[in-house]
Amino acid sequence: MDLFTHLVVGALTYLLFMRDVTFDYLALAVFFSVLPDLDIFLMPLKRVFKSNYFEHRGGSHSYIIGVLVAGIIGGINSILRQKSFFIVWIIGILFYGLHVSMDLLTTTKIPYLFPISRKERSFYVEKAGSFFTMVNSLIFLITSMLISIFSADIIVLRSFIDFYTVFFLIYYFYRTSSKLWFSSKLNKNQKYFPGILPFYFMILDKSIKQNELSLSIVRKSHFSKNHEIFNTKTILADEEMVLFEQGMALCNKYYYFAKWTAIPIFIRKEGIFSIRFFFMETMMRKRTMFIQYNFDTLTRQMISFKRSSSHNKISQLDR
């Protein structure tokens, strides 16, 4: 989720369930609801400790870490401000955990029980960087500030807050129900991917039989016909299959690429076999991230590497 949505959902959750608590604790709850994303400031430590868990959406996105961090901040807060350690600790656990739970709904895996378990998971209910929720969160923030500045009527502000609370509850219920319903109908070769808009989604069908790779992507909507936007079947030579497996292994060495679903496109030139991996989770409108490995067909060694984003035809998948 984007930072604005974490902030807004954290504030709305606090006002929905704890509106009788003081404003001091509201600010604290909002702080904890965005705290895991401040891990971007820890990323330089990756070079020192050689650990992927200092990456963004790494070890910080864990319920266990949330309990520990909330305890540390609660202890510091109780010493400096004479506030109840227990209240701060519980609020920290709840709203840090809210952030982790929201990110579990997205398409980028997180180690939600680190360091007890290094298993990473995501539920593919919402895009990791949802443009739709970010825009609605910004509308809420700007409008609520304008109401506070130009209207002295607290009822107007309260009604607006209640409206957006109901909106987000319905939105995430719809997204979750849609994912569960359509995923239940898929076979083992198929995978559900949420679209940018709530009524759109994609189904990837990917199968490998010996040296034959079949891929198809269908864009679906609740209100229109299905639209097949990608369909290919590639037969690889034995040598090309070996290089393909090497390319997949190289992708999995990168922390973020290992989290995502790779769609391979093969490019054959004289003496060079290239594999361009597009990533389903990063597809936004007409662009998507890709990583490309170029291999010498004689030596079977990688000779060059490229990472970028592209307006390639396969990137025109989402809406």
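The values are calculated or read from the model by the stated rules, or taken from the named source; none is laboratory data. Every value quoted in this text rests on a predicted model; they were computed, and no experiment measured them. No Cβ is skipped: glycine too gets one built from the backbone with ideal geometry, and neighbour counts run over all protein chains shown.
A few comments on the model shown:
- Restricting segment 186-195 to residues that are closer than 14 Å to Tyr124 by Cβ and of a type outside the set (Ser, Thr, Tyr), the residue that is surrounded by the most Cβ atoms within 10 Å (Cβ to Cβ): Pro194
- Of the residues making up segment 21-56, those that are within 23 Å of Gly74 (Cα to Cα) and small (Gly, Ala, Ser) are Ala27, Ala29, Ser33.
Residue by residue, here is whether (1) farther than 30 Å from Glu55 by Cα; (2) assigned by TED's automatic domain parsing to the domain that holds Glu239; (3) part of a loop (DSSP other than H, G, I, E, B) holds:
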| position | (1), (2), (3) |
| --- | --- |
| Phe114 | no, no, yes |
| Phe123 | no, no, yes |
| Leu138 | no, no, no |
| Ile155 | yes, no, no |
| Ser159 | yes, no, no |
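- Those helices (runs of 4 or more DSSP H) of segment 1-50 in which at least 2 residues are without any contact (Cβ under 8 Å) to a residue 12 or more places away in the chain, considering only elements entirely within it, cover 23-34, 45-49.
- Pairing residues of segment 89-100 that are free of Cβ contacts under 8 Å to residues at least 60 places away in the same chain and closer than 22 Å to Ile79 by Cβ with residues that are of a type outside the set (Ser, Thr, Tyr) and surrounded by fewer than 20 Cβ atoms within 10 Å (Cβ to Cβ), at Cβ distances under 8 Å and at least 6 apart in sequence or on separate chains, gives Trp89/Gly71; Ile93/Val67.
- Residues of segment 244-299 that are outside any strand (DSSP E or B), of a type in the set (A, V, I, L, M) and surrounded by fewer than 19 Cβ atoms within 10 Å (Cβ to Cβ): Met248, Ala249, Leu250, Ala258, Leu298.
- One residue stands out among those in segment 64-123 that are surrounded by fewer than 18 Cβ atoms within 10 Å (Cβ to Cβ) and of a type in the set (Ser, Thr, Tyr): the one that is nearest to Asp39 (Cα to Cα), which is Ser101.
- Boolean, Lys206 is without any contact (Cβ under 8 Å) to a residue 60 or more places away in the chain, loosely packed, with under 13 Cβ neighbours inside 10 Å and not assigned by TED's automatic domain parsing to the domain that holds Val9: no
- Pairs where the first residue, in segment 282-309, is in contact (Cβ under 8 Å) with a residue 24 or more places away in the chain and farther than 30 Å from Phe132 by Cβ and the second is in a loop (DSSP other than H, G, I, E, B) and among the polar types (S, T, N, Q), C-beta under 9 Å, 6+ apart: Phe295/Gln301
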